[in-house]
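Here's the structure we're looking at; comments come further down.
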Amino acid sequence: MRFHVLTLFPAMFESPFAEGVVGRARDKGLVSIHAMDIRTFAHDRHRTVDDYQFGGGPGMLMKPDPLFEAVESVRQPGAKDIPVILMSPQGRVLTQRVVEELAELDEIALICGRYEGVDERVRQRLATDEISVGDYVLGGGELAAMVVIEAVSRLVPGALGSFESAQDDSFTTGLLQHPQYTRPAEFRGWRAPDVLMSGNHAEIERWRRRESLRRTYERRPDLLESAPLTEEDRAFLAELGE
Ligand code: 9D3
């Protein structure tokens, strides 16, 4: 998976991806991240990338020409067009389903906006997708693009070790993670649940499933609507609701 990032702050993409899952995937040659400075594609003396908005109003917009040229510099002559994702608060909200969809691609360009936004022609004529990472205000698209890169990279085959398989991720089972404990069995007088030390794997699985259901019911009941549930799960949830 190749990520091309168009940003005014390319250095932001260095240390976050030097380590961890993405760092290892890069070392293995499974993922590459190419951060390009949009300012390289400004041609005037002051390397201008922003301008006032027609019609007036506060704040500046990103000019279209440096962004178009930056994307065009990524496209290989004759190759098919690369998907271009505009990171924007007006985009479709990133979920694991969207991440899975993006993980099917072998190359994507991510446009990170700054200022008040981008010229509408970038959205209409350059971007093929527009993604938000949630309903809160960031200072620009960079951290949002990093979220996309991290979430997508871990789904690239071979990126995860066998102990961190993407298969039992909470958003794959559709439920929140059950409580987890490690040694010591008693810490400051707080004991880990005995069932986890019982060696009875069927009992442990049952306990974990129920705790996942309990936690999801308490914290994210919306997830229960789309989670695949057994009859036994439903009976347990009915008990919780009483
Ligand atoms: C306070 C300014 N807002 C006035 C309506 C508009 C606005 C412009 C630019 C709000 C945020 C930004 C910068 N944000 C992003 O570029 C961004 C973002 C976000 O803020 N939240 C969630 N996902 C994303 S993806 C890109």
ALA159: passes all of (1) open to solvent by less than 100 Å² (accessible area, probe 1.4 Å); (2) free of Cβ contacts under 8 Å to residues at least 40 places away in the same chain but (2)
Does ARG123 count as out of contact with any Asp or Glu (no Cβ under 6 Å at 6 or more places or on another chain), within 15 Å of THR7 (Cβ to Cβ) and surrounded by 15 or more Cβ atoms within 10 Å (Cβ to Cβ)?
no
Matching residues in the range 31-89 - criterion: being within 19 Å of GLY139 (Cα to Cα), part of a helix (DSSP H, G or I) and within 23 Å of the chain's Cα centre (by Cα):
ILE38, LEU67
Looking for something out of contact with any Pro (no Cβ under 7 Å at 6 or more places or on another chain) and closer than 20 Å to VAL98 by Cβ - is there at least one such residue anywhere in the range 174-184?
yes
Is it true that ALA144 is within 30 Å of LEU30 (Cα to Cα) and either within 16 Å of the ligand (Cβ to nearest atom) or crowded, with 16+ Cβ neighbours inside 10 Å (or both)?
yes
Kindly establish whether ARG47 is open to solvent by 40 Å² or more (accessible area, probe 1.4 Å) and on the phi < 0 side of the Ramachandran plot.
no
Those residues of the range 110-139 which are part of a loop (DSSP other than H, G, I, E, B), near the ligand (Cβ under 8 Å from one of its atoms) and within 22 Å of SER32 (Cα to Cα) amount to GLY113, VAL133
Which members of the range 10-23 meet the condition of being crowded, with 17+ Cβ neighbours inside 10 Å and touching a residue at least 40 places away in the same chain (Cβ under 8 Å)?
MET12, PHE13, PHE17, VAL21, VAL22
Select from the range 92-109 the residues that are free of Cβ contacts under 8 Å to residues at least 60 places away in the same chain and charged (D, E, K, R) and write down the one among them that is nearest to the ligand (Cβ to nearest atom).
ARG92
Got at least one residue in the range 125-145 being touching a Pro at 6+ places or on another chain (Cβ under 9 Å), within 30 Å of PRO64 (Cβ to Cβ) and among the basic types (Lys, Arg)?
yes
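The values are calculated or read from the model by the stated rules, or taken from the named source; none is laboratory data. For clarity, every value in this text was computed on a predicted model and none was experimentally measured. In this analysis, Cβ positions are derived from the backbone assuming ideal geometry, glycine residues included, and neighbour counts consider all displayed protein chains. To get the accessible areas, we keep the full protein, side chains included, count just its heavy atoms, and leave off ligands, DNA and RNA. Shrake-Rupley method; radii C 1.70, N 1.55, O 1.52, S 1.80 Å.
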